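Scroll down for the structure; my scribbles are underneath it.
The values are calculated or read from the model by the stated rules, or taken from the named source; none is laboratory data. Predicted, not measured: the structure shown is a model, and the values here were computed from it. Virtual Cβ from ideal backbone geometry, glycine too; neighbours counted across all protein chains shown. The accessibility values were calculated without ligands, DNA or RNA, using every heavy atom of the protein model including side chains. Shrake-Rupley method; radii C 1.70, N 1.55, O 1.52, S 1.80 Å.
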Amino acid sequence: MAKLTNDDVRQLCKDLNVKFIRLQFTDIFGVLKNVAITVEQLDKALAGELMFDGSSIEGFVRIEESDMYLRPDPNSFVVFPWKPRDGAVARLICDIYNPDGTPFIGDPRYALRRAIAEAEEMGYSMNVGPEAEFFLFHVDSEGRPTTKTHDRAGYFDMTPIDLGEDARRDMVITLEQMGFEIEASHHEVAPGQHEIDFKYSDALDVADKIVTFKLAVRTVAQRHGLHATFMPKPVFGMAGSGMHLNQSLITKDGKNAFYDPSTPTGMSEISMNYIAGLMNHIDAITAIINPTVNSYKRLVSGYEAPVYVAWSAQNRSPLIRIPAKRGMSTRIELRSPDPSCNPYLALAVCLRAGLDGIKKGMAPPSPCDRNIYEMTLAERQELGISNLPASLFEAVQSLSEDEVIKEALGPHIYERYMEAKTIEWDRYRMQVSPWELEEYLTKF
């Protein structure tokens, strides 16, 4: 796909009658922010001359050093299909810069750019294909979201059982109008749960697409009178929402570095090193790819979410699965991430971990082709299969001890992320939940 230039953006704004432009970026938690400008300010924006107050953004800077500059990426230009065509609204995703013209080290997009640069130095680029799940819930009479589902459908069900099919169809159409190539969309396991898969691309483009995907899905759902949520586990007793990340490395001559037709499995030594790197750093990575207290309500046995650190080419119970296709489609699927994560940081830490495995020639343990959910603790221990962190607290502790993943984030993001997640955990553990009242109030 051809890259857009600043001149292309100017011409597209004229051709498409664009009146307003949203300059978008995310905070360290992946929450999308924007500064809206009129098209008359476009030249200033493209020149990187527009400032914003960084002290108002979670995890950015203190009030004493608040001036930050937005530098739009012209290749991220897109018009919002749900806005009027007369006086259209477009967006540009921005990198954040300091007043002295240097990249802001606390910008999540810059953290991913640094990881991509390291891969390029080693002769690789990263391709990613995400599989993001979400729920569609009713809203109440005042428009506030509930956890009441709009249907009682299950995996791959369709109309008339799947009452969200109209909304999902409109989501697909909207995403295609925004430049996505949609490969599949279907109802997921739980009532009210859906998945829309779009084609893989390079890491930065996919991270941009994930934040755009979430915005588009929630916007279209709202227009259907529904609330879309990417919360990992909104309802007890039902499957949670994951965001499996299919990953591969491409060499400078365009070959898939994970494919080796000379091996019995068709998987290269590089792919094994990459898997080993992910497994070696997974406890720390989990703090980033499963970033909320609620994430760990999903990571429990019995709901198809991975709990155990293992890999396999034959079953879906381990952390890492190797899909069957080979050649340019050869890839590994990391099954633990959920869609509440910041995609820039998630891809940055995964890539850095995999590259660490390649640099150090790490070898993964033997694959586990049995259903790990049905194994006893003794059987898992005999095979050396460990558990993922069971809570945000455990994951954050692991992050504090992993220098590779800390470096992938950079000191600015790491320190502020740790501070915020420690506060989040403390707030959670001090709460008295309805379950505790039900369990203990009359008992004691």
- Query: Relative contact order for the chain using alpha-carbon pairs under 8 Å, separation at least 6, rounded to a whole percent?
  - Reply: 15
- Message: Given Cβ point charges of +1 (Lys, Arg) and -1 (Asp, Glu) and nothing else, what value in debye, to the nearest 20, does the dipole of region 255-358 about its Cα centre take?
- Response: 280
- V404, V128, ranked by accessible area, largest first (probe 1.4 Å): V404, V128
- Task: With the full set of protein chains in place, find how many percent of the accessible area of the chain is carbon and sulfur; take the probe as 1.4 Å.
- Result: 51
- Task: Quick one: order M51, M122, M279 from most to least accessible surface, probe 1.4 Å.
- Result: M51, M122, M279
- Query: By accessible area of protein heavy atoms, probe 1.4 Å, what ranking do R223, R169, R352, R113 get, highest first?
  - Reply: R223, R169, R113, R352
- Tell me, what is the per residue accessible area of region 70-152 in Å², probe radius 1.4 Å? 42
- Rounding to the nearest 20 debye, state how big the charge dipole of the chain is about its Cα centre with +1 on each Lys and Arg Cβ and -1 on each Asp and Glu Cβ. 520
- With every protein chain left in place, what is the accessible area per residue of region 306-444 in square angstrom, probe 1.4 Å? 50
- Message: How charged is the neighbourhood of V18? Take every other residue with its Cβ under 14 Å from the Cβ of V18, and add Lys/Arg as +1 and Asp/Glu as -1.
- Response: +2
- Enter the Cα centre distance for the pair region 28-44 and region 346-402, rounded to the nearest angstrom. 39
- Task: Would you list which aspartates and glutamates come within 13 Å of K233, measuring only between C-alpha atoms, while excluding same-chain residues fewer than 8 positions from it?
- Result: E133, E304, D338
- Item | Which listed pairs, of K44/K406; K33/K83; K83/K325; K44/K199; K3/K406, have C-alpha distances above 30 Å, in listed order | K44/K406; K83/K325; K44/K199; K3/K406
- From the residues L23, I116, A363, which one has its Cα farthest along the dipole of the chain in the positive direction, the dipole being from +1 and -1 charges on Cβ of Lys/Arg and Asp/Glu about the Cα centre? L23
- Message: Given the -39500 (n - 2.57) contribution per DSSP H run of 4+ residues, what per-residue ellipticity at 222 nm results for the chain, rounded to the nearest 500 deg cm²/dmol?
- Response: -10500 deg cm²/dmol
- May I ask which residue of L377, M328, P339 lies farthest towards the positive end of the charge dipole of region 275-427, with charges of +1 (Lys, Arg) and -1 (Asp, Glu) on Cβ and the Cα centre as origin? M328
- Query: Just Y373, Y428, Y414 to compare: in a GNM of the chain, with alpha carbon springs under 10 Å, which one fluctuates most?
  - Reply: Y428
- Message: If you count only protein heavy atoms with a 1.4 Å probe, what accessible area per residue comes out for region 186-242, rounded to a whole Å²?
- Response: 32
- Query: Within region 87-109, what residues put their amide N at less than 20 Å from the label point 7 Å along the Cα-to-Cβ vector of D15?
  - Reply: 87-93
- Query: So how much accessible area does D356 have, in Å² to the nearest 10, using a 1.4 Å probe?
  - Reply: 10
